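Only one structure is covered here, and it is reproduced in the block below.
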Amino acid sequence: LAHATRPFIDFADKEPAAAEILRRFAAIYRIEDTVRGQSPEARLAVRRAEIRPILDELHAYLMANKRRFSVKGKMFKAINYVLSHWDGLTRFMDDGRVELDTNVVERCIKPQALTRKNSLFSATHEGAQNWAVIASLLLGALSVSGAIFLILELDRPFDGMIQISSDPLRKPLESLGL
C-alpha cells in the first residue's frame, strides 16, 4: 500500500480528496500497527473486522472522485493506479501472513541494488568483477548466518589461489555437523 499513497502526498495540501485518501490509508496503517507481530489468524481477523470497512469506503470514494479530475491529470492517474491495482493492493486481506506493503522487502534488497549499481563505476572490468564477488560474499553473509557462510566460502580454494586456512574456526563447525 505504501507506494499507492506516495502520489497523493504531493496533492495533500492542495486537493481535499488527496488529503482524505491519505487519511483513510493512515487509518489502515494504525490498525495494522496494533496487530503487527501477532499470529496470521489474529491479524486476518482484525483486518476483516476493522480494515475491510475502511477499504470498502476507500474504494467507493476513489470511484466517486475519479470523475472529478482530468484524465490527463496526475490526481486522476494516482486514483486510476490504485483502482487498477486494487486486487494486488488488498491481497493482505486474504492472508494474515502477507504484509500490508513491501517496505520490508525493499529495505532488504536495497543494499544489493546499491552495490550492483556502485560496481558499474569501477575503473576496470576486472575490478568490477572482483568487487561483484566480494559484495556477493558479504551480502550473502548478511542474509545467512554470517560467520558460517564466510568460513564455508573462504575455505574453498579459488582458481589457482592459495586456500585460506580456517582450521581454528572449522572445529566448531564440524561439531555442528557442517
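The values are calculated or read from the model by the stated rules, or taken from the named source; none is laboratory data. Since this is a predicted model, take the numbers as computed values, not measurements. Note: ideal-geometry Cβ built from the backbone for every residue, glycine included; neighbour counts use all protein chains shown. Each accessible area value is taken on the protein alone, full model and side chains, heavy atoms only, with ligands, DNA and RNA left out. Shrake-Rupley method; radii C 1.70, N 1.55, O 1.52, S 1.80 Å.
Out of E41, E50, E57, I need the residue that is more than 20 Å from the chain's Cα centre (by Cα), more than 19 Å from T102 (Cβ to Cβ) and crowded, with 16+ Cβ neighbours inside 10 Å. Which one? Break it down stepwise before answering.
Details: E41 fails: crowded, with 16+ Cβ neighbours inside 10 Å; E57 fails: crowded, with 16+ Cβ neighbours inside 10 Å.
Step by step, each of E41, E50, E57 is checked, and only E50 is more than 20 Å from the chain's Cα centre (by Cα), more than 19 Å from T102 (Cβ to Cβ) and crowded, with 16+ Cβ neighbours inside 10 Å.
Here segment 10-34 is the region considered, the condition is being surrounded by 12 or more Cβ atoms within 10 Å (Cβ to Cβ) and modelled with pLDDT under 90, and the residue that is nearest to F69 (Cα to Cα) is F11. Within segment 74-91, residues that are within 11 Å of L1 (Cβ to Cβ) and touching a residue at least 60 places away in the same chain (Cβ under 8 Å) sit with their Cβ atoms under 7 Å from residues that are among the β-branched types (V, I, T) and assigned to a helix (DSSP H, G or I), at 6+ positions apart or across chains, in these pairs: L89/V82.
Only a single criterion out of (1) open to solvent by 80 Å² or more (accessible area, probe 1.4 Å); (2) modelled with pLDDT of 90 or more is not satisfied by R116, namely (2).
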